[in-house]
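First comes the structure, then the notes that go with it.
The values are calculated or read from the model by the stated rules, or taken from the named source; none is laboratory data. Fair warning: this is a prediction, and the values are worked out from it, not measured in the lab. FYI the Cβ positions are ideal-geometry reconstructions off the backbone, even for glycines, and counts take in every protein chain you see.
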């Protein structure tokens, strides 16, 4: 069985040695270790992949807690490859990110389950049908706001969703949802953040005359487009490109940047601290 | 003789045909033609490179004015390769952009003259000496502001400078200087504008946790870091990079992005309109 | 109506002026003009987009031939936006490029018709069904070679196919097919050509220890992986990446590089000369 | 004192735990640990940075040998930051890489000493003079071959040079020199290897019609341009670029790719195995 352990704690001498010795003592074989020290914040981060032939997970967790976590004041989590995480997809009217994720899913690129697609519009139901994924149309407007949020949460809990991907979902996410899924809602914003946060970033980029456009995937927090950045990428543009050209070029960026973020999240390679991410290799 | 003509005017039918026929009628051979129409502003742009065996420039200009410019309400300029433009370098304490430009100059990459280097600090005089370029130390502070500006303008006029390159000159340029050199002062800003305008952009980028840093060269206008963008480039960063790492990586970006802008300007491949640039190929 | 004219001919004075005056005389409005001179080969290339309010195409072609083409020894072609080109897709077992193209097609990114998908294996029929495109399984092996080629050509002619896209079709294309579709068969090769031509390029790249992998789209010619290159792109890799990692990363490259080539071809922005492409802007 | 330890050995359980415990037991504080397992070759690699308040290096080495190296069959080396490595620069006639490295050196980017510059031509002596570095002109041709090699080795030994950088040195390096400096001679090749190895790669790239050009830095081995690759980068080109344009664009690539390789080497972040490099982060 493969076990992934994520740790952060105040930095101090001897952590790596203690943790690796512990794994060794439990008959685990360390397959990959990546660590990072944020010197300005004095915080230590580690991601450890180990193979165990057979192991009682609960026992291991208890021992880890007693022997290491308390001593080093660790925040930590343990994950196995026994269960695929459940990912809900939220979309609106743009289909490119949805097509991209479902194609990757069908190609076996993403080790997740996709219990359902939720949209505030009915337009993309046909794609859900194409890929045989349940589709829930939950309209959202000022009037039905509370009812809609309730319905969203009902669906997420009902399907035991682990994390949410906003694949160009053009609607603000409510605080209650963010609180339920802290650092577990991934958004794609169609600009190189922090430039052009908010609505219509391609229009703003065109107006400013930039020579490069970008896309940014990030975890959703209360403040709009200000959450921890997971991944960014860019593409060159020129005076020849119109706003529709920006939008076309941007689609490819959005697809790639979002899918990379989803993969990193699924592989437990992200860790959030101080509104920034550590991305393990 | 090679002649470059730059044009912008309201878009209408027949401009290309009229201009190319005119050149042909004057026994010129069009070597390169690049045009662009900004459809939202309804403006036509053109850059035309032609070879002439022998030509009376003044005569040509007069004819162009009478036969074309008035008729099409053109803003236009004509340049020959007979005279190298004079480029003044303004620097402060960072040496990487200065070294880069002088090395390129010595390698024959830049078809300019460099009459002098000006600095508000004496620190980089040794590099001016290494490359045998005159160095003028013009201190700048609240008290000597007017005198300094006067001295700057005196030097620029004295040397008949055509354009100015701010190679990490860490001092605001005065309005009077900007007015004297409209779209002729090139700055390098060490961020991916419009993100992180103003002071300490690498610190701000680090704070925000971006995954890509950038550099932007632009023409200087009254508003700080808001002039027409000439060129931008980026480099990937990660959680592993500290602010000093950002600064180190950024140096290479700054050098490349500034030198590209200088080359485009020298080759008359830039045209400014609506606070944006058209960059001809 | 929009008319695109592609020209190549021996370079000489006055071509641009003659062509633009001709368009002007026929009441056309030049919307875009891009030209290039290959000085080593002394060949002139031009792509001209014009708007005509109403025009007799045949008449225009005749006049163009008489007044320009003969005089300048032009190879030329004229295209309108009245009819979408018909694109056949050839695939084998990998689904990522097929998914990508069909998704783009459904999103309205590609102005083509897709009359059918052909494969030497039945595996991807389910995707053809998902997107409701006819699927033809034409097995190919030493024994049935001639019959298979005949069947391919029968299908291509029957559907009046204009060009073919090999979306990871893992089978050599026969000479007879190449002769029927000169510079009209687009292949995606999963390496940065000319490095790693032939089979298993990711394995070869891994073996050599490169730090960047690439993908190349090109027109198919008799010589394997040696046709005119349309588009290339690359992605960084490191010692940490295994061959499966290369393959995964490569998939995104392949999709993007192939789709860009298809778009350029559809927009008539490619022109082949001396086994190289001119790619108009 | 900062100590860097580089290790490779057959992969087996418990290595990380043993090494980190050892460092801990010697009162060292691990500042950075990066490891890699090449699963196909079953080899374990590690780079460990540790701080020690005071330490007897020889004693530490002996203990490391006894307690770890023998047991795990390690190839290993230990480096401190007490002594800067001595880097010889070999050049011919192109000045851009030389300017670049000397500028970086003067800016404090490279923690090395540069005892001398060697060239087979006298042309670049003026740059050595500009930067006050000794310059040795060692002509090289068929007739003086043996004498020249002898002189080269004499200089390298006399100055106690640690590694050699070929900054566009257009001359084959002799086997005897390669044997003296295994994985310690860094070359920059002006193509994206393995494409266009050998002479005139920009001409070959132009001929083939590639859309991207590259540069590659690698350790020099007996086989020309076939040594372990340290770093590669690329830049886009188009049909508009001539061979001189390729050469110009390539200069910037060469400078960056070479300087990155030099920095990685100086920071002991490279390790060679099976003619490939592990590049630690």
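For the reader, a short list of remarks on this structure follows.
Yes/no per residue for (1) over 24 Å from residue C:212 (Cβ atoms); (2) in contact with a strand residue (DSSP E or B) (Cβ under 8 Å, 6 or more places away or on another chain); (3) at pLDDT 95 or above:
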{"position": "D:145", "(1), (2), (3)": "yes, no, no"}
{"position": "D:157", "(1), (2), (3)": "yes, no, yes"}
{"position": "D:189", "(1), (2), (3)": "no, yes, yes"}
{"position": "D:195", "(1), (2), (3)": "no, yes, yes"}
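- Hits in the stretch D:33-49 - residues which are at the interface with chain A (Cβ under 10 Å from one of its Cβ atoms) and either in contact (Cβ under 8 Å) with a residue 24 or more places away in the chain or surrounded by fewer than 17 Cβ atoms within 10 Å (Cβ to Cβ) (or both): D:34, D:36, D:37, D:39, D:46, D:48
- Selection within the stretch C:57-78 - surrounded by fewer than 13 Cβ atoms within 10 Å (Cβ to Cβ) and part of a loop (DSSP other than H, G, I, E, B): C:73
- Residue in the stretch D:99-121 that is surrounded by fewer than 17 Cβ atoms within 10 Å (Cβ to Cβ) and over 30 Å from residue B:104 (Cα atoms) present: no
- Scanning the stretch B:117-129 turns up one or more residues that are within 18 Å of the chain's Cα centre (by Cα) and either touching a residue at least 24 places away in the same chain (Cβ under 8 Å) or not assigned by TED's automatic domain parsing to the domain that holds residue B:15 (or both).
- Sole exception among (1) touching a strand residue (DSSP E or B) at 6+ places or on another chain (Cβ under 8 Å); (2) at pLDDT 95 or above; (3) surrounded by fewer than 18 Cβ atoms within 10 Å (Cβ to Cβ) for residue B:281, by number: (2)
- Yes/no for residue D:216 being in the same structural domain as residue D:156 (by TED's automatic domain parsing) and touching a residue at least 40 places away in the same chain (Cβ under 8 Å): yes
- Restricting A:257, A:272 to residues that are part of a strand (DSSP E or B), in contact (Cβ under 8 Å) with a residue 24 or more places away in the chain and either in the same structural domain as residue A:208 (by TED's automatic domain parsing) or more than 25 Å from residue A:207 (Cβ to Cβ) (or both) narrows the list to A:272.
- Residue tally, condition surrounded by fewer than 18 Cβ atoms within 10 Å (Cβ to Cβ) and out of contact with any strand residue (DSSP E or B) (no Cβ under 8 Å at 6 or more places or on another chain), over the stretch D:248-262: 1
- Residue C:229 being farther than 20 Å from residue D:277 by Cα and within 11 Å of chain D (Cβ to nearest Cβ): yes
- The stretch C:100-111: number of residues that are in contact (Cβ under 8 Å) with a residue 40 or more places away in the chain and under 25 Å from residue A:259 (Cβ atoms): 5
- Failed condition for residue C:54, given (1) assigned to a loop (DSSP other than H, G, I, E, B); (2) within 14 Å of another protein chain (Cβ to nearest Cβ); (3) more than 24 Å from the chain's Cα centre (by Cα): (2)
- Among residues of the stretch A:9-29 that are facing another protein chain (nearest Cβ under 8 Å) and at pLDDT 95 or above, none has a Cβ under 6 angstrom from a residue that is surrounded by fewer than 17 Cβ atoms within 10 Å (Cβ to Cβ) and in a strand (DSSP E or B) at a sequence gap of 6+ or on a separate chain.
- Residue identified as closer than 19 Å to residue D:186 by Cα and without any contact (Cβ under 8 Å) to a residue 12 or more places away in the chain among D:93, D:157, D:150, D:142: D:157
- In the set A:257, A:220, A:266, only one residue is within 13 Å of chain B (Cβ to nearest Cβ) and either over 13 Å from the mean Cα position of the chain (by Cα) or under 30 Å from residue A:46 (Cβ atoms) (or both); that residue is A:257.
- Filter result (facing chain C (nearest Cβ under 7 Å) and part of a strand (DSSP E or B)) within the stretch D:194-213: D:212
- Of the candidates B:15, B:101, the single residue that is touching a helix residue (DSSP H, G or I) at 6+ places or on another chain (Cβ under 9 Å) and assigned by TED's automatic domain parsing to the domain that holds residue B:274 is B:101.
- Number of positions in the stretch D:99-111 that are under 13 Å from residue D:255 (Cα atoms) and at the interface with another protein chain (Cβ under 9 Å from one of its Cβ atoms): 5
- When C:165, C:138 are checked against the criterion of being more than 14 Å from every other protein chain (Cβ to nearest Cβ), crowded, with 16+ Cβ neighbours inside 10 Å and more than 22 Å from the chain's Cα centre (by Cα), C:138 stands alone in meeting it.
- Residues of the stretch B:147-165 that are out of contact with any helix residue (DSSP H, G or I) (no Cβ under 9 Å at 6 or more places or on another chain) and part of a loop (DSSP other than H, G, I, E, B): B:159, B:160, B:162.
- Members of the stretch B:235-247 found to be away from chain A (no Cβ under 14 Å) and surrounded by fewer than 16 Cβ atoms within 10 Å (Cβ to Cβ), listed by number: none
- Which listed residue is in contact with a helix residue (DSSP H, G or I) (Cβ under 7 Å, 6 or more places away or on another chain), over 24 Å from residue D:108 (Cβ atoms) and at pLDDT 95 or above, from B:229, B:247, B:185, B:212: B:185
- Taken as a whole, the condition of being surrounded by fewer than 15 Cβ atoms within 10 Å (Cβ to Cβ), at negative phi and touching a residue at least 40 places away in the same chain (Cβ under 8 Å) does not apply to residue C:83.
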